[in-house]
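Here's the structure, in structure tokens; my notes come after.
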Amino acid sequence: MAAPGEGAGCEDFAEFQELLRVMRTIDDRIVHELNTTLPTASFAGKINAKQTCQELYKSLMEAHTSRERMIKTCIAQTSNVVKALQEEREKAENDIALLKQLRKEQTKLKLMQSELNVEEVVNDRSWKIFNERCRVHYKPPKSQ
């Protein structure tokens, strides 16, 4: 799946999570994908397993890169909002509404940062499954 536009879904954390959920579909379905596209020993001659694994590798790389880019973009945007609110808060210390908004944005920032950890776990799981099933058919470049 292509990455959504820059900053799409960053304002609303629920929308941000929904975008990530949709973008993680390839990782959620990797076992099914491999089971339906990679041949068993009896069908090995009928399907080009190297090409299938190569295409899956490319799809995984694109998905992981686009999700990481989206998460980091949203973290940067939210960090800027938090910084601006903190500066405003220093000028208007008694503004309760401003304090509530600052706390809300800080919480959202922490949740977005935790998504980087979730992303690492999802990616590790996908690469483990990919390597278990495709290592015989396709050797990815050393960058992974």
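Here are a few things to note about the model shown:
- Projected onto planes of every orientation and averaged, the convex hull of the alpha-carbon atoms in the chain covers 9.7 nm².
- With all protein chains modelled, accessible area of residue 93 [1.4 Å, Å²]: 130 Å²
- Protein-only accessible surface order, largest first, of 32, 137 at 1.4 Å: 32, 137
- Taking all protein chains as shown and a probe of 1.4 angstrom, residue 100 keeps an accessible surface of around 140 Å².
- CD proxy at 222 nm, helix term only [per DSSP H run n ≥ 4: -39500 (n - 2.57); per residue of the chain; nearest 500]: -25500 deg cm²/dmol
- Modelled label reach - residue 36, point 7 Å along Cα→Cβ, region 102-144 residues with backbone N closer than 19 Å: 126, 129-130, 133-134
- Accessible area of region 35-144 belonging to carbon and sulfur atoms, whole % at 1.4 Å probe: 53 percent
- Membrane-span-like helices in the chain, defined here as complete DSSP H runs extending at least 24 Å along the helix axis by their C-alpha atoms with mean Kyte-Doolittle hydropathy no lower than -0.5, are absent; this is a sequence and geometry rule, not a statement about a membrane.
- Model label points for residue 90 and residue 28, set 7 angstrom from Cα along the Cα-to-Cβ axis, are 4.3 nm apart.
The values are calculated or read from the model by the stated rules, or taken from the named source; none is laboratory data. Keep in mind the model is a prediction, meaning the values are calculated, not measured. Counting neighbours? That spans all protein chains shown, and the Cβs are built from the backbone with ideal geometry, glycine included. For accessibility, only protein heavy atoms count, side chains too; no ligands or nucleic acids. Shrake-Rupley method; radii C 1.70, N 1.55, O 1.52, S 1.80 Å.
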